[in-house]
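A short write-up of the structure that comes next.
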Amino acid sequence: MNIILLGPPGAGKGTQARFLVEERGMVQLSTGDMLRAAKDSGTEMGKIVADVMARGALVTDDIVIGLIREQIETVKSNGFIFDGFPRTLAQADALNDLLAEEGETLDAVIEMEVDDEALVARITARSTCAGCGEVYNDNTKPVPADGICTNCGESKGFTRRADDNEESLKTRLMEYYKKTSPLIGYYYAKGQLTKVNGLGEMATVKADIATVLD
Ligand code: AP5
Ligand code: MG
């Protein structure tokens, strides 16, 4: 089963994708994580995208489609979770083609609905384990007082993303409404869209997603 988690910055896509990886053995394909890894390892592509990402703008379709193509063609899985991809209609069309080439289907598109005020509060409170990427939040899931990540058991520290500030978030939200939100209508028209309330407790959102998938 291949699914898309669709929603604005801070909707909880990464959080819910991790639950699905742990409990269903699916493979999370987060273009944001892939781009951050490229940036951190200092590749040519990483250097190109660093500034674009820090501002909160979208990276070009060619780059992200290339990243997804590589994963779909090489990784064997019993299901991909597309997290933060597609973000434009061109990316959605490319995903259709890539899945068709591999004889795969797109089985569900889950739109995680949240309101903008909650997003600002969530994002400015987020931190991530530098070791494994586990996501924490000052308000709802604080980093452990002993500094040891509850997921990987290591104490490599917790980092804030370069784009997790109010200024970049404004651009990220604008990009979402201008370029990504048309995908809601696109997948609705294809009969593939299901909406989930992303404002509930993490466990409630997780249960709602399970209801869609089972
Ligand atoms: P990306 O990394 O995809 O960022 P994003 O879409 O802005 O989304 P986030 O990762 O910020 O939010 P999330 O929905 O994963 O929320 P999370 O679970 O962490 O992209 C970053 C950048 O890369 C883009 O701006 C762009 O430049 C580039 N890029 C990436 N993909 C691209 C593409 N396809 N095309 C072009 N450019 C691309 O949760 C957020 C916080 O809330 C956490 O602290 C979490 O603990 C908390 N939380 C989660 N769920 C709940 C809940 N139910 N209740 C309370 N708190 C919660
Ligand atoms: Mg994310």
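Read the figures in this text as sums done on the coordinates, not as results from a lab. As the structure is a prediction and not an experimental result, all values here were calculated from the model. All Cβ positions, glycine included, derive from the backbone under ideal geometry; neighbour counts span all protein chains shown.
Could you list the trypsin sites (Lys or Arg not before Pro) in the range 1-109 that lie in coil according to DSSP, counting only those with at most 12 other Cβ atoms within 10 Å of their Cβ?
Filter output for the range 1-109: 76.
Whole-Hz ³J(HN,Hα) for each residue in the range 105-117, computed from phi via Karplus 6.51 cos²θ - 1.76 cosθ + 1.60 with θ = phi - 60°, x for glycine and proline: what do you get?
Along the range 105-117, the couplings run 10, 9, 9, 7, 10, 9, 8, 9, 8, 8, 9, 4, 5 Hz.
Measure off 7 Å from each Cα along the Cα-to-Cβ vector at residue 48 and residue 201, then give the distance between these two points in nanometres to one decimal.
So the two model labels end up 4.6 nm from each other.
So in the chain, what percent of DSSP beta bridges are antiparallel if you round to the nearest 5?
Once the DSSP bridges in the chain are tallied, antiparallel ones form about 25 percent.
Report the number of Lys pairs in the range 63-214 whose alpha-carbons are under 27 Å apart, with separation of 8 or more residues or on distinct chains.
The number of close lysine pairs in the range 63-214 is 16.
When the Karplus curve 6.51 cos²θ - 1.76 cosθ + 1.60 is applied with θ = phi - 60°, which whole-Hz ³J(HN,Hα) does each residue of the range 149-161 get, with x for Gly and Pro?
5, 5, 8, 9, x, 9, 10, 8, x, 10, 10, 9, 6
Tell me the mean residue ellipticity at 222 nm calculated for the chain from its helices only (DSSP H runs of n ≥ 4, each -39500 (n - 2.57), averaged over every residue, nearest 500). Don't skip to the answer; put the middle values down first.
Numbers: 9 runs with 100 residues, N = 214.
Helix-only estimate at 222 nm: -14000 deg cm²/dmol.
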